[in-house]
Amino acid sequence: MTGFTARPEGRPAHDAEPSGTPRGTGGTAGRPGPADSGPADELTVVPKRHPGRWVTAIALLIVAAATLHSVFTNPRFGWDVVNTYLRDVSIGRGLLVTLELTAVCMAIGIVLGVVLAVMRLSANPVVRSAAFLYVSFFRGTPVLVQLLFWYNLAALYPQLTFGLPGVSLDANRLITPMLAALLGLGLNEAAYMSEIVRAGVQSVDHGQGEAAGALGLTKMQTMRRVILPQAMRVIIPPTGNETIGMLKTTALVSVLAVPDLLYSAQILYARNFQTIPLLIVASIWYLTVTTVLTIGQFYVERRFSRGNRTVAPTPLQQFRQLLRTHTPSATGRTPE
Amino acid sequence: MKKPDTVRPGAAAHLPADRQPPMVRAENVRKRFGPLEVLKGVDLEVRRGEVVCLIGPSGSGKSTFLRCINHLETLDGGRIWVGGQVVGYQRRGSKLHELGDREICRQRTEIGMVFQHFNLFPHMTVLQNLIEAPLRALKEPKAEATERALALLEQVGLGDKASAYPRHLSGGQQQRVAIARALCMRPKLMLFDEPTSALDPELVGDVLTVMRDLAASGMTMIVVTHEMGFARDIADRVVFFEAGQAVEVGPAKQVITEPRHARTKAFLAAVR
């Protein structure tokens, strides 16, 4: 006995074609069966219906309406206060500090991240291990702890000499809250970015590097002209996520009294006790910037998928596509 | 295909043909991957303008040998000369020292290579694929490289595809672009690593036609192939590889139609 079990012959499966044997006795030549004969173009193709979509849509609408009603009728949200402080000067300054922190920390993260990634992919075992140690250290401790460490660096090294003769800087004056924030967030980000860049470089087909090498391009030229441009397609989406994540992580610097968006709001509500409205103000601005960044990310991704099969449609194109599939005439269906 | 378009004047061009050193000389080439010995001392000489096909079962070391010729693989023993120069190494006393990246790259600019999977750069247009290496590795002016690239595309029958991206081309067209890309460096030697193995059967012909033209133009070619018909018709000599050794070397027609070695006979009987 073999391990295989065959379906008994002579008993066709449930949905098998009725082959050869005439089905029933009433099937005469003049009367075509309901679905298995006749010219195909006379039949209407009906796509699968999705009643569940309508049910979930209605349920969600009810929940959304209830939530909105509560939000706008509960006076404790203090929407008038929100409206007043949304364009407040100190909130605006805080937003600029948040944007500056995000931009500079991401720049540090990306540049250092690429260097670390190239180091991790190096054939030199010393360089490789150094990058590995860096990544494990900065990924292995909370970024909040790192921020506090940089902020309190003066407790470790009151005078910074950098090992150079004649150099002696007062750590307390050199490491301002802003510099501690940039170092803490930037160096931490570099660890994550290096992993993203490494994954991108490794995603490029091995043959690409070989082909470039066989043409006489040096390793550096190959990396810059052939590997990295192709790795970008893999690197860009998570980098966009990292940027959006960084924008929100900058809120941590409020513990160092850096006047970012959150800390500016905190200063205000410490004075006027409008805690919730001011947190809403901060949230609205965070949400606005992340939305702008998300849109930017979408178009940057499109740019870098050049020469590739799947170029994502823009939201406008997607919307048009949605309208088209839900317009009866476009699908070949006759309207009910 | 005209010879001056594709062949850069070599160092020994002034010598008469019969006094020139062989284009490729391999001497006792050995290579191992970990415990596996893939090349067990291969000797081969390829004259200028000669077309040599390497055949044999997969895993016999023919592709590895080909990749050693432009130093895509390092050697564990023996030497390979291309145009009278040792590839990838420099002799100091009794030792061979591996050359630096820059020097190896300079040697590779004279050796064109075509891969089984084309390996075109997908983020560049066809024209950019062709001129990238001439611009970066040979530091040629762009106008000059572009002019030669367009002429080469014309020769491989793809004159209208210069601004297309590789993904818009069929496999056969991509492989012809890859051949043009290698020729754009004006190499003195062309290596082909199973150039038609990844192609749909109906697309093989176009690629083989281009290779035939190239052979007729006097290019020195070493081709790893399973196309026995091509090997018989185009190659001057055929080398049968098995288990890391060049088992049988001889004129193409003789090796393929009346092989002497028992293993060659068995292999040819199996692929036919």
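Derivation of every value follows stated rules applied to the coordinates shown; laboratory data play no part. On a predicted model such as this, the values are computed, not experimentally measured, just so you know. In this analysis, Cβ positions are derived from the backbone assuming ideal geometry, glycine residues included, and neighbour counts consider all displayed protein chains.
With only Lys, Arg, Asp and Glu charged, each at its Cβ (+1 for the first two, -1 for the last two), find how big the charge dipole of the protein assembly as shown is about the Cα centre; round to the nearest 20 debye. Don't skip to the answer; put the middle values down first.
On the way: 66 positive and 49 negative charges, 134 e Å.
That gives the protein assembly as shown a dipole magnitude of about 640 debye.
Quick one: if you take sqrt(5λ) for each eigenvalue of the C-alpha gyration tensor of segment A:230-286, what semi-axes come out, biggest first, whole angstrom? Spell out each step's value before the answer.
Values: eigenvalues 200, 27, 6 Å².
For segment A:230-286, the semi-axes come out at 32, 12, 5 Å.
For GluC sites (Glu not before Pro), no site in segment B:98-157 is both called loop by DSSP and has at most 15 other Cβ atoms within 10 Å.
Between A:ALA130 and B:GLU202, the distance separating the two model label sites (each 7 Å from Cα on the Cα→Cβ line) works out to 5.8 nm.
Computed on the protein assembly as shown, the Cα convex hull volume stands at 336 Å³ per residue.
If I take every Cα pair under 8 Å that is 6 or more residues apart in segment B:126-272, average their sequence separation and divide by the length, what percent do I get for the relative contact order?
Across segment B:126-272, relative contact order equals 16 percent.
When the C-alpha to C-alpha distance is required to be over 22 Å, the pairs from A:LYS219/B:LYS139; A:LYS219/B:LYS62; B:LYS31/B:LYS95; B:LYS62/B:LYS253 that qualify are A:LYS219/B:LYS62. Any idea how far the Cα center of segment A:146-179 sits from the one of segment A:239-309, in Å? Rounded to whole Å, the Cα centres lie 29 Å apart.
How high is the FRET efficiency between B:ASP101 and B:SER58 when r is their beta carbon distance and R₀ equals 35 Å, given to the nearest 0.05?
Details: r = 31 Å, r/R0 = 0.88.
FRET efficiency, B:ASP101 to B:SER58: 0.70.
Could you give the dipole magnitude of segment B:154-251 about its Cα centre, charging the beta-carbon of Lys and Arg +1 and that of Asp and Glu -1, in debye to the nearest 20?
Numbers: 9 positive and 13 negative charges, 88 e Å.
It comes to approximately 420 debye.
Averaging Cα coordinates gives a centre for segment A:44-109 and one for segment B:220-267; these two points are 71 Å apart.
Shown is the FRET efficiency for A:VAL167 and A:LEU99, computed with R0 = 45 Å from the Cβ-Cβ distance and rounded to the nearest 0.05: 0.85. Modelled spin-label separation between B:VAL271 and A:PHE137, with each label point placed 7 Å from Cα along the Cα-to-Cβ direction: 5.7 nm. In this structure the amide hydrogen of B:GLY49, modeled in the peptide plane, comes within under 5 Å of the amide hydrogens of B:THR220, none closer than 5 places in sequence on its chain. Only one residue of A:ILE295, B:VAL46, A:ALA214 has its Cα farthest out toward the positive end of the dipole of the protein assembly as shown, where Lys and Arg carry +1 and Asp and Glu -1 on Cβ, and that residue is B:VAL46. Summarising the amide proton neighbourhood of B:GLY41: residues at separation of 5 or more, or on other chains, whose placed amide H is nearer than 5 Å comprise B:VAL29, B:ARG30, B:LYS31. First measure r as the distance between the Cβ atoms of A:GLU195 and B:SER163, then evaluate 1/(1 + (r/R0)^6) with R0 = 35 Å and state the FRET efficiency to the nearest 0.05. My answer for the efficiency is 0.45. Only Lys, Arg, Asp and Glu carry charge here, each on its Cβ (+1 for the first two, -1 for the last two); on that basis chain B has a dipole of about 720 debye about its Cα centre.
Using helices alone, I'd like the mean residue ellipticity at 222 nm for the protein assembly as shown: each DSSP H run of four-plus residues gives -39500 (n - 2.57), total over residue count, nearest 500. Each step should come with its number before you reach the end.
Numbers: 23 runs with 304 residues, N = 608.
So the calculated ellipticity at 222 nm is -16000 deg cm²/dmol.
The coefficient of translational diffusion for segment A:76-325, derived via Stokes-Einstein from the alpha carbon Kirkwood radius under 37 °C and 0.692 mPa s, stands at 157 µm²/s. Rounded to whole numbers, the Karplus 3J(HN,Hα) couplings from phi for segment B:237-242 are 9, 10, 10, 9, 9, 8 Hz, using 6.51 cos²θ - 1.76 cosθ + 1.60 with θ = phi - 60°, and x at Gly and Pro.
Amide H contacts of B:GLU242 (H built 1.01 Å from N, in plane; Pro and chain starts excluded): B:VAL247 sit under 5 Å, all sequence-distant by 5 or more or on other chains.
Expressed to the nearest 5 percent, the antiparallel share of DSSP beta bridges inside chain B is 60 percent.
Provide Rg over Rh for segment A:197-276; use the alpha carbon set for both Rg and the Kirkwood Rh (inverse mean inverse pair distance). Could you put the intermediate results ahead of the total?
Numbers: Rg = 22.1 Å, Rh = 16.0 Å.
A ratio of 1.39.
In sequence order, segment A:75-87 has phi-based couplings of x, 6, 5, x, 5, 5, 5, 4, 4, 5, 8, 4, 10 Hz under the Karplus curve 6.51 cos²θ - 1.76 cosθ + 1.60, θ = phi - 60°, and Gly or Pro positions carry x.
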